[in-house]
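Contents: one structure, followed by commentary.
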Amino acid sequence: MAIGNIKRWHWMVISLVLGLAMATVRLAFDDGMLQGFGESINDQRRFEEAVVGRYQGIPLFKDLRVYPIEIDEGGGKKRLKHVAAGKYFSGTPEIKDGQWQANWVPYCFIADVPYRPLSSLDKPTDPNSTVMTYLDSLKASHGVSYTYAWWQHPRFSPALWFGGSVVLIGVVWPTLLNLLLFGSILRPREEKGLSLRNVTAPPATAQQQQGSDENAIGQMTAALEAQLHSSAGTPAQSADAPKAVPAVGNMSGEPLAPGAPVAKEPKEYGGEFYPTTAHVPTKET
């Protein structure tokens, strides 16, 4: 089937199926995103020192972005955590091209929800406190900045994947196809085909009737030929078997019984006797 024959509602159905599939996969492999964030800082103190630390005026942990991700903690149980990802420099320069240079590499820190900074361990834990609350508190004093990837939240991500699939595949894509193939946003209206709902079969013509009769005669002829061939293949009668004598009818038209003697009529010879042996007269000498 050509792609031009696929209608808009077909694309809409395809977009719904793909959107649902992508949203499901997104939730199932949410914690797989951690592999793209680089190595992990497992020490909370090291993370907080890197956030406020500087090297030649540049933050040791820069380009911060916080991702809300559900991470599997074992036994199929997932828990929402905030992953602060960015580029980290340990503070020790490395030799590169013969010179000591600072090298920032991808790193991340997985923060619990709620988040409790080390500087406030002596204070009661705020259930609404997150790593973003901590970063906001350093914005004015240390110039810390970050972005929040709210679209990655498990509450919004499936809806975004589903809605994006519907918009792109179900709306934008068929519109572009119509512009390329038909030169308009909408498809041209297709002509309706002939309806056969009220159509009745016409009566058979004389030619059709003759053809039907010839077909029937041909079938009968074939059946007779098959019967003759089957009878010709039967074994002949034995020479010793008595042959049936056909019945001979009498003068009255009634058939005689098989094997009955035939009555002979007496012949009249005019009172004279004729011997059966013929005597040839001899001539006298």
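Projecting label points 7 angstrom from Cα along Cα→Cβ for I3 and R45 puts them 6.0 nm apart. Treating r as the C-beta distance of D97 and A140 and R0 as 51 Å, the FRET efficiency rounds to 0.85.
Over segment 30-156, what is the percentage of antiparallel beta bridges among all DSSP beta bridges, to the nearest 5? If we restrict to bridges inside segment 30-156, about 80 percent are antiparallel.
Which FRET efficiency value, to the nearest 0.05, do you get for L176 and L20 by plugging their Cβ-Cβ distance into 1/(1 + (r/R0)^6) with R0 = 30 Å? Provide the component values of the computation, followed by the final result.
On the way: r = 23 Å, r/R0 = 0.77.
Computed FRET efficiency for L176 and L20 comes out at 0.85.
Net length available on complete extension from A216 to R65 is 45.6 nm, with 0.36 nm assigned per residue and the Cα-Cα distance removed. In this structure, the residue pairs whose Cα-Cα separation is over 29 Å, taken from K78/K139; K87/K139; K77/K139; K87/K123, are K78/K139; K77/K139; K87/K123.
The mean sequence separation of alpha-carbon pairs under 8 Å and at least six residues apart, normalised by the residue count of segment 30-156, gives a relative contact order of 27 percent. The residue list P154, S141, Y115 was ranked by how far each Cα lies along the charge dipole of segment 30-156 toward its positive end, using unit charges on Cβ atoms, and S141 comes out on top.
How long is the gain from N128 to F156 if the chain were fully straight, where each residue apart is worth 0.36 nm and the alpha carbon distance is subtracted? Mind dumping the intermediate values first?
On the way: separation 28, 0.36 × 28 = 10.08 nm, distance 1.95 nm.
Between N128 and F156, full extension yields an extra 8.1 nm.
Each reported figure results from applying straightforward, stated rules to the coordinates on display, with no laboratory input. It should be emphasised that the depicted structure is a prediction, and the values quoted were computed from it without experimental measurement. All Cβ positions, even for glycine, are placed from backbone atoms using ideal geometry, and neighbour counts span all protein chains on display.
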